[in-house]
Amino acid sequence: MPKSALRTGIAVIALLAAAPAAFSQDLTLGLRAGPDSIDPHWSTLGSQAEALRHIFDTLVDADDTLQLQPGLAVSWEPIEETVWEFKLREGVTFHDGTPFTAEDVKFSIERIPGVTGPMSMTLYTKYVDTVEVIDDYTVHVHTRGIAPALPNDFTRMFIVPSEIGEGVGNEEFNSGEAAIGTGPYRFVSWQPKGDLVLERYEDHWRGETPWERVVRKEIPDDAARVAALRSGAVDLINYVPASDFMSMDNNPQIDTFTADSVYILNVQPSVKDEVPQPIRVNGRVIDENPLQDLRVRKALDLAINRDVLVNVVLEGLGTPANQLMPEGFFGYTDEIGEKEYDIDQARELLTDAGYPDGFEIDFTCTNNRVPGDAVICEALAQMWSRLGLKVNAQALDGTVFFPAAANEEYTMAMSAWGTLTGEAAYTYGAMVHSKDPEKGFGNFNRTGYSNPEFDDVFVAGTQTLDVDERRALYEEASRIAMEDRALIPTVILQTVWAGKADTLTFTPRVDQETRAYEIHPVDAE
Amino acid sequence: MFGFIISRLLQAIVVIFAMSIIVFVGVYAIGNPIDVMIDPAATAEIRDNLIRQYGLDQPLWRQYLSFIGNVAQGDLGRSMVYNTSVTGLVFSRLPATLELVLVAIGIATLIGIPAGLYAGYRPNSFSAKAIMALSILGFSVPTFWIGMLLIMGFAVHLGWLPSGGRGDEGRFLGISTSLATANGWSHVILPAINLSLFKMGLMIRLTRAGMVEAMQTDYVKFARAQGLPDRQIVFQHVLRNISIPVVTVFGLELGSTLAFAVVTESVFNWPGVGKLIIDSILQLDRPVMVTYLILVVILFVIINFTIDVVYARLDPRVRLGGTK
């Protein structure tokens, strides 16, 4: 074939390929992960909630720093110790035209136990005892015990119309037959791990969204996602890898958007009498657990140079962490100052504790769950070796790490934790409170940390409906946990988005969600 | 022929059983999928309920027996992540992979075999040496890197072809395939080239080695002495004689590419089965992992069987009966 004919052929193919992307009211997103199902009650997965938020609404919404906002409910308050009253928004209709009423709320909540999967949504309804419909726009939720965090649980509780009836599951939702919500977009089509195609719903109560048609492409591979943006196949991508961030930041054709995430990398030192992996001094296994000594934990903390972690290891894509959640979250305390790096004081503390020559310890981390976990792991091991410890750092795949961590097989571990609800109870109840299956606390407490003082203050908080009193109790709990070095926070990870320059504006969210209706086009003319 | 099929079938059943046990034990050893999937804030009660609901509290042998029992009834299980049947899931992704692999193997064969024949026919010429040097590049440079280069070159800088994904589907002979549209072809061409390079290198080297050897043999000398033109000697006699190793490798490569085209599928975001299995492994979606690997075994058994039949066509000395 002559060269020119070949070139023409390729150009024709290229034109055909490029043609559909030309409409201005279209938004194409390249995202790392998408939903596993269109049934909004199937899974608690973050990327599931993010995607389905476009089709379905929740009673309570959360703003970009996770503080509560009205959603389908316009207001909520506890009217008795165990009764929450939700006032619903009037005049809202589902995509098929039926009006939204209290019956739909009751149906949605009661539907969950029957249809939810291994990432069980019963998590969000664990405090719900019964749902009582008072009138079309008033719902009373009767709770098991006092449940101050109920509105937070409802930020991912999607509402489906009661008329779809019981017995519909993933098949009906995935085909679109039952995918009817009140959200800003209608469902058009979806392929597992493929594209989710959405179309504007004109009658949404928040007003019209800027995009007529939204395609959420799932592109899990980092390099492929970046290539899709650079070649113009998508308008915006999420989770830009740190290695590409620098070049994109200097590229005039690309805008980057950076924000703190909810995820913090925490060191989890086991304080149990017997450690799962032996600790050695001068090559000999010792009987006691040095990590039980607060001075040792303080020494570990002081030996971490968080500025180096942020600026060198993460290339600027992080913020030093001084407690288990970012500033501004419900329960964050101002009483803890910035963490200091003081290797001399750390060595002194270690000597005082009886380990002048240090010890040898295993340190296990995840290596692919969040950006930078493996490199932070290695950097920490080096920082502690300056302190005189011999640290055997090992970064494992999440599929290996999490089951073993659940079995408490690690003496010292590190993984990321996100305070996804924006308030302290979520994190403290799971990771810091003593392990107590009966009360449902401490499921993720793998260190054996148990401080009655902390437990009392925290539990008092969970039993307090008054917002200010509860905040004060959680702040006190934060102080206790951090003084004890129950866990040692290292860095808050940042998330980066990147889009075609000067085409859109976007305020990044701390929960890392990419919401099409919060992205606005920049008018060129 | 009949005895051959029966013995092959029996072998296949034994292999599939052995494979299912290995996969099951291996997957079991990795750990409990619930611990990977569960939301951090879940209570111990929710966790225990889930473990019971999915039968993960049962001993290994009982889980295995109930799996085998379901398979015997034609039920290969439901995905824990998507809650759809595993067979449906695999077969919904298979057409995409088939397209990619067929185009890739097509490119590899159509370019690799003639190039290898030429390189073996004139082993000392400059172009033969150039072909051999390129073939070394083909199988020594990592696939993902070449993939990125292709994307950077053709999608980002030149903007001729899309950077990834599968194109529009059209209907061809009643089958829904993206190979029926121009847009589909524009999407498939880069990943197919990427996937074909390794195989092309392999084909070139195999064909060349066979060719060089065959050209020294007596039958070629006799044919030449008889005055047959070289074209006829090469295509009618030599090609047929060197086909057996080529067909063997072709078959194995076809199988492994179908099953594990995962690197190319990831780099080009191609919605095939390779990506499905990797995602399932990362999420410990046990039913999908086990079923998929068993389907792969079946695939290999079928391919090997086909190759044996092709052998008999190529070389009359090969007898399928297996006697003697």
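Annotations for the structure displayed:
- Ranked by how many other beta carbons lie within 10 Å on average, peptides A:141-153, A:112-124 from highest: A:112-124, A:141-153
- Other protein chain Cβ atoms within 10 Å, averaged over every residue that makes up A:36-42: 3
- Over the residues of the protein assembly as shown, the helix contribution to mean residue ellipticity at 222 nm works out to -13500 deg cm²/dmol, using -39500 (n - 2.57) for each DSSP H run of at least 4.
- Here is the list for the range A:75-114: GluC sites (Glu not before Pro) lying in DSSP coil, each with at most 16 other C-beta atoms within 10 angstrom of its C-beta, are A:Glu81, A:Glu90.
- Of the residues B:Thr84, B:Thr248, B:Thr177, the one that moves most in a GNM of chain B with alpha-carbon contacts below 10 Å is B:Thr84.
- Across the range B:28-103, counting alpha-carbon atoms alone, Rg and Dmax equal 16.0, 51 Å.
- More than 18 angstrom apart: percent of Cα pairs within the range A:290-404: 58 percent
- Within straight-line cross-link reach of A:Lys87, lysines at Cα separation under 27 Å, skipping those fewer than 8 residues along the same chain: A:Lys106, A:Lys126
- Hull shadow area, averaged, chain B [alpha-carbon convex hull, nm²]: 22.7 nm²
- Most fluctuating residue given options B:His237, B:His187, B:His157, as computed from a GNM of chain B linking Cα atoms under 10 Å: B:His157
- Globularity index of the range B:231-286, i.e. its alpha-carbon radius of gyration over 2.2 N^0.38 Å: 1.77
- Estimated from the Cβ-Cβ distance and a Förster radius of 41 angstrom, the FRET efficiency linking B:Trp61 and B:Ser140 is about 0.35.
- The range B:170-260: Cα Rg divided by the 2.2 N^0.38 Å rule of thumb: 1.53
- Dimensions of the range B:77-144 from C-alpha coordinates, computed as largest minus smallest value along each principal axis and given longest first, are 60, 21, 14 Å.
- Backbone phi angles across the range B:94-106, fed through the Karplus curve with coefficients 6.51, -1.76 and 1.60 (θ = phi - 60°), yield HN-Hα couplings of 4, x, 4, 5, 4, 4, 4, 5, 4, 5, 5, 5, x Hz in residue order; Gly and Pro are listed as x.
- Compared with the dominant Cα axis of chain A, that is its longest principal axis, helix A:343-352 is turned about 50°.
- Convex hull volume per residue for the protein assembly as shown, taking Cα atoms only, in Å³: 214 Å³
- Whichever lysines have a C-alpha closer than 22 Å to that of A:Lys298, once near sequence neighbours (fewer than 8 apart) are set aside: A:Lys272, A:Lys339, A:Lys390
- Within the straight-line cut-off of under 23 Å between alpha carbons, the lysines reachable from A:Lys217 are A:Lys193, A:Lys500, B:Lys275, sequence neighbours fewer than 8 places apart in one chain being disregarded.
- Average Cα contact separation per residue, chain A, under 8 Å, 6 or more apart, as relative contact order %: 19 percent
- Hull volume per residue, based on the alpha-carbon atoms of the range A:413-499 and their convex hull, is 123 Å³.
- C-alpha long axis of helix B:273-282 to longest principal axis of chain B, angle in °: 40 degrees
Values quoted throughout were computed directly from the atomic coordinates according to the rules given, and no laboratory measurement underlies them. All values derive from a computational prediction rather than experimental measurement. Neighbour counts are summed over all protein chains in view; Cβ atoms, including those assigned to glycine, are modelled from backbone coordinates with ideal geometry.
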